[in-house]
């Protein structure tokens, strides 16, 4: 399952916001990938996420596959929405 999100918070996905998103992804067994500007990374890897350099206003795609993908997508979508409000 795939879904696109706009990262609207001030810092993009740097340090703290990336860490909280990676922590959320690690709660699930499913494979979770984030793609930005044609580059992909494992959403469970802080170094991978930070290496993408996701900035404010960026469009990212989250792809989740595995046994708990629906629950994972719901949680990730909710978390990104919360990040965007801060």
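One table, with the values for the structure above:
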{"quantity": "Members of region 1-18 that are exposed (fewer than 13 other Cβ atoms within 10 Å of the Cβ), out of contact with any strand residue (DSSP E or B) (no Cβ under 6 Å at 6 or more places or on another chain) and in a loop (DSSP other than H, G, I, E, B)", "calculated": "10"}
{"quantity": "Boolean, residue 29 is modelled with pLDDT of 95 or more and either surrounded by 14 or more Cβ atoms within 10 Å (Cβ to Cβ) or closer than 21 Å to residue 82 by Cβ (or both)", "calculated": "no"}
{"quantity": "Selection count, region 33-52, where residues are part of a strand (DSSP E or B), surrounded by 13 or more Cβ atoms within 10 Å (Cβ to Cβ) and out of contact with any strand residue (DSSP E or B) (no Cβ under 6 Å at 6 or more places or on another chain)", "calculated": "1"}
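Per-residue answers, yes or no, for (1) farther than 16 Å from residue 75 by Cβ; (2) in contact (Cβ under 8 Å) with a residue 24 or more places away in the chain:
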{"residue": "1", "(1), (2)": "no, yes"}
{"residue": "6", "(1), (2)": "yes, yes"}
{"residue": "12", "(1), (2)": "yes, yes"}
{"residue": "17", "(1), (2)": "no, yes"}
{"residue": "30", "(1), (2)": "no, yes"}
{"residue": "35", "(1), (2)": "yes, yes"}
{"residue": "38", "(1), (2)": "yes, no"}
{"residue": "45", "(1), (2)": "yes, no"}
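Residues checked against (1) in a strand (DSSP E or B); (2) in contact with a strand residue (DSSP E or B) (Cβ under 7 Å, 6 or more places away or on another chain):
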residue: 20; (1), (2): no, no
residue: 23; (1), (2): no, no
residue: 28; (1), (2): no, no
residue: 54; (1), (2): no, yes
residue: 59; (1), (2): yes, yes
residue: 63; (1), (2): yes, yes
residue: 67; (1), (2): no, no
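The values are calculated or read from the model by the stated rules, or taken from the named source; none is laboratory data. In this text the structure is predicted, and so the values were computed from the model without any measurement. Neighbour counts run over all protein chains shown; Cβ positions are idealised from the backbone, glycine included.
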